[in-house]
Amino acid sequence: MSTRAASGLLRWSLLVLGAWADATALAGEPVQRPNVVFLLADDMRADTIAALGNPVARTPHLDALVRRGFAMTNAYCFGGNSPAVCTPSRNMLLSGNAYFRWKDFVPPGMPAARKGLLAPGDPPNLPLSLKQAGYLTYHHGKRGNTAPLIQAQFEVNKYLKDDDAERRSGEPGQQIVDEAIAFLKAKRDPRPVFMYLAFANPHDPRVADQKYLDQYDPEQIPLPRSFLPVHPFDNGELVVRDEQLLPWPRTEADVRRTLREYYATVTALDFHIGRLIRTLQDAGQLDRTLIIFSADQGIAIGSHGLLGKQNLYDHSMESPLVFAGPGIPHGQSDALAYLFDIYPTVCDLVGAQVPEGIDGTSFRPVLDGRATSARSELMLAYLGKQRAIRDARWKLIRYPAVDVTQLFDLDSDPDETRNLADDPAQRDRVNDLLRRLARLQEHYGDDLPLTAAKPRPSTPVTPERLRRLARPAGAK
């Protein structure tokens, strides 16, 4: 066992003893903790909740959460070491660690020596922390591209029988919510419950019943403000599976039709989430339940000429994040946060031992109004192809293989449509952000060079070239 892994297990043992001592310190009196219900969507953009400013979305139950809770409007997935970004995102979220910490999780094209020291299932993790704090832990979610080693730590650990069949049912989220409601109604265990419901939606295939589709007229759905027919240069991942779901060039009609299906699926998921919330309310438990809503990452759906989440633009790396329940004030904050900060924050909120030695950090002071920020900057990473840094105002994305840099002023250009990297007036800023990005890489254990010895040409991408690259081997 490595030194880091051994020290991590030692710290975990001490935390478990500390949690046990806390729980028994009051002469046998049980610690009264709220229930926790963590609702995690799949591929849901941060800008798809009506109460947070979306003019089209029909999300009445998520709106109600926002109105009585607190929204973190700059919550980010750290990135992905796999085109299925869902997998590293869910492992990071539940472990509190960036994926560079994990052994045998080396992105293709990166040096094999850059191996982490922990496996995703190693403690500490969120289900173990809450179990040690006296919670009955329950997970039900999709089977593919998820975090099975950590999810095995839940006392009740269930999976959808067939992810694809559930997505095609027309009632996304129904199966998980049905079984969660049945579990709550049958529950006799006196412990508070921690439910982690990891939905398979609105990930494609997006199939919603006609009653949800009827709520959207594709002609009335605005295109993303960063809509493009084709991404302007090779970002290293232009013909991955997600990008082949529509032909090139992207047309306004195709994107609007896809957005209609996407929004309808979100509305269906919102409906079933509402059923679960009503069950808690009818049982007199809603005021004693901390509800968290988020998603593993966003998705492009036409933004920047892209469809998937294999990029570091905000539409793909930002997630919705809402907390509602006892002790949570109404409000919102644009403080920067990672999804893997949720784990220590939940522990902090419910009085569980906050784990030490992980990358995640609690942003409870932001929720409490004691601080306006939790992190000064974020690093984002995708395979060995893209790196980014984002602070309160500026975002820089670096593509080493094609020697392309993008710089966006998010105050004036939140949709990342005007690249300022080649502006001579921004030269010092670009260099400063690159230096800061390199420091963050060192912190997280990422040794991908930000320059390539022989970069590929960054010539404009044409639909014809993309169709040729996407053609299966041997196709005529």
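All of (1) buried (at least 22 other Cβ atoms within 10 Å of the Cβ); (2) within 23 Å of Leu312 (Cβ to Cβ); (3) in contact with a Leu (Cβ under 8 Å, 6 or more places away or on another chain) hold for Phe363 with one exception: (3). Condition test on Thr258, is it among the β-branched types (Val, Ile, Thr), surrounded by fewer than 21 Cβ atoms within 10 Å (Cβ to Cβ) and either under 24 Å from Phe70 (Cα atoms) or in contact (Cβ under 8 Å) with a residue 40 or more places away in the chain (or both)? Against the criterion (among the β-branched types (Val, Ile, Thr), surrounded by fewer than 21 Cβ atoms within 10 Å (Cβ to Cβ) and either under 24 Å from Phe70 (Cα atoms) or in contact (Cβ under 8 Å) with a residue 40 or more places away in the chain (or both)), Thr258 qualifies. Taking every residue in region 164-187 that is over 10 Å from Leu276 (Cα atoms) and pairing it with any residue that is among the hydroxyl-bearing types (Ser, Thr, Tyr) and buried (at least 17 other Cβ atoms within 10 Å of the Cβ), at least 6 positions away or on another chain, the pairs with Cβ-Cβ distances below 6 Å are Pro172/Thr265. The residue of region 261-297 that is farthest from Thr73 (Cα to Cα), among those that are open to solvent by 50 Å² or more (accessible area, probe 1.4 Å) and part of a helix (DSSP H, G or I), is Asp282.
The residue pairs whose first member lies in region 41-52 and is in contact (Cβ under 8 Å) with a residue 40 or more places away in the chain and under 11 Å from Leu65 (Cα atoms), whose second member is in a loop (DSSP other than H, G, I, E, B) and among the polar types (S, T, N, Q), and whose beta carbons are closer than 7 Å, counting only pairs six or more residues apart or on different chains, are Ile49/Thr59.
Scanning region 298-332 for residues that are buried (at least 20 other Cβ atoms within 10 Å of the Cβ), over 15 Å from the mean Cα position of the chain (by Cα) and among the polar types (S, T, N, Q) returns a single hit, Ser303. Exactly one residue out of Gly445, Gly384, Gly369, Gly351 is in contact (Cβ under 8 Å) with a residue 60 or more places away in the chain, surrounded by fewer than 18 Cβ atoms within 10 Å (Cβ to Cβ) and out of contact with any Phe, Trp or Tyr (no Cβ under 9 Å at 6 or more places or on another chain), and it is Gly351. Go through the residues of region 298-309 one by one and say whether even a single one is outside any loop (DSSP other than H, G, I, E, B) and touching a His at 6+ places or on another chain (Cβ under 6 Å). Among the residues of region 298-309, at least one is outside any loop (DSSP other than H, G, I, E, B) and touching a His at 6+ places or on another chain (Cβ under 6 Å), which makes the answer yes. Among residues of region 136-179 being open to solvent by less than 60 Å² (accessible area, probe 1.4 Å) and small (Gly, Ala, Ser), the one that is farthest from Ala119 (Cα to Cα) is Gly170. On inspection, Phe194 qualifies as in contact (Cβ under 8 Å) with a residue 40 or more places away in the chain and in a strand (DSSP E or B).
Okay, residues lined up against (1) buried (at least 24 other Cβ atoms within 10 Å of the Cβ); (2) under 24 Å from Leu380 (Cα atoms); (3) touching a helix residue (DSSP H, G or I) at 6+ places or on another chain (Cβ under 8 Å):
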{"residue": "Met44", "(1), (2), (3)": "yes, yes, yes"}
{"residue": "Asp47", "(1), (2), (3)": "no, yes, yes"}
{"residue": "His61", "(1), (2), (3)": "no, no, yes"}
{"residue": "Val66", "(1), (2), (3)": "no, no, yes"}
{"residue": "Thr73", "(1), (2), (3)": "no, yes, yes"}
{"residue": "Gly80", "(1), (2), (3)": "yes, yes, yes"}
{"residue": "Cys86", "(1), (2), (3)": "yes, yes, no"}
{"residue": "Gly96", "(1), (2), (3)": "yes, yes, yes"}
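Residue-level check: of (1) within 23 Å of the chain's Cα centre (by Cα); (2) within 30 Å of Thr459 (Cα to Cα); (3) of a type outside the set (Val, Ile, Thr), Tyr262 misses just (2). The numbered conditions (1) in a loop (DSSP other than H, G, I, E, B); (2) modelled with pLDDT of 95 or more are all true for Ser129 except (1).
Modelled with pLDDT under 95, open to solvent by 10 Å² or more (accessible area, probe 1.4 Å) and within 30 Å of Leu380 (Cα to Cα): is that true of Asp104 in this structure? Talk me through it step by step, then tell me what you get.
Numbers: modelled with pLDDT under 95: yes; open to solvent by 10 Å² or more (accessible area, probe 1.4 Å): yes; within 30 Å of Leu380 (Cα to Cα): yes.
Criteria met by Asp104.
Taken together, the residues in region 387-412 that are in contact with a Pro (Cβ under 7 Å, 6 or more places away or on another chain) and either open to solvent by less than 20 Å² (accessible area, probe 1.4 Å) or not aliphatic (A, V, I, L, M) (or both) amount to 3. The sole residue among Leu245, Leu149 that is touching a residue at least 12 places away in the same chain (Cβ under 8 Å), aliphatic (A, V, I, L, M) and within 30 Å of Asp413 (Cβ to Cβ) is Leu245.
Determine, yes or no, whether Leu466 is in contact (Cβ under 8 Å) with a residue 60 or more places away in the chain, farther than 30 Å from Thr73 by Cβ, assigned to a helix (DSSP H, G or I) and not polar (S, T, N, Q). Yes: the conditions hold for Leu466.
Of all residue pairs spaced 6 or more apart or on separate chains, those with beta-carbon atoms under 8 Å, a first member in region 271-296 that is in contact (Cβ under 8 Å) with a residue 60 or more places away in the chain and a second member that is buried (at least 22 other Cβ atoms within 10 Å of the Cβ) and of a type in the set (Ser, Thr, Tyr) are Phe271/Tyr212; Ser294/Ser319; Ala295/Ser319; Asp296/Ser89; Asp296/Ser319.
If you go through region 413-430 and keep only what is open to solvent by less than 70 Å² (accessible area, probe 1.4 Å) and under 23 Å from Pro224 (Cβ atoms), you end up with Asp413, Asp415, Glu416, Leu420, Ala421. Could you please find all residues in region 298-318 being in contact with an Asp or Glu (Cβ under 7 Å, 6 or more places away or on another chain) and farther than 20 Å from Leu246 by Cα? Within region 298-318, just Asp314 meets the criteria.
The values are calculated or read from the model by the stated rules, or taken from the named source; none is laboratory data. Everything quoted here is computed from the prediction, not taken from an experiment. Note that each Cβ is placed from the backbone with ideal geometry, even for glycine, and that neighbours are counted across all protein chains shown. Each accessible area value is taken on the protein alone, full model and side chains, heavy atoms only, with ligands, DNA and RNA left out. Shrake-Rupley method; radii C 1.70, N 1.55, O 1.52, S 1.80 Å.
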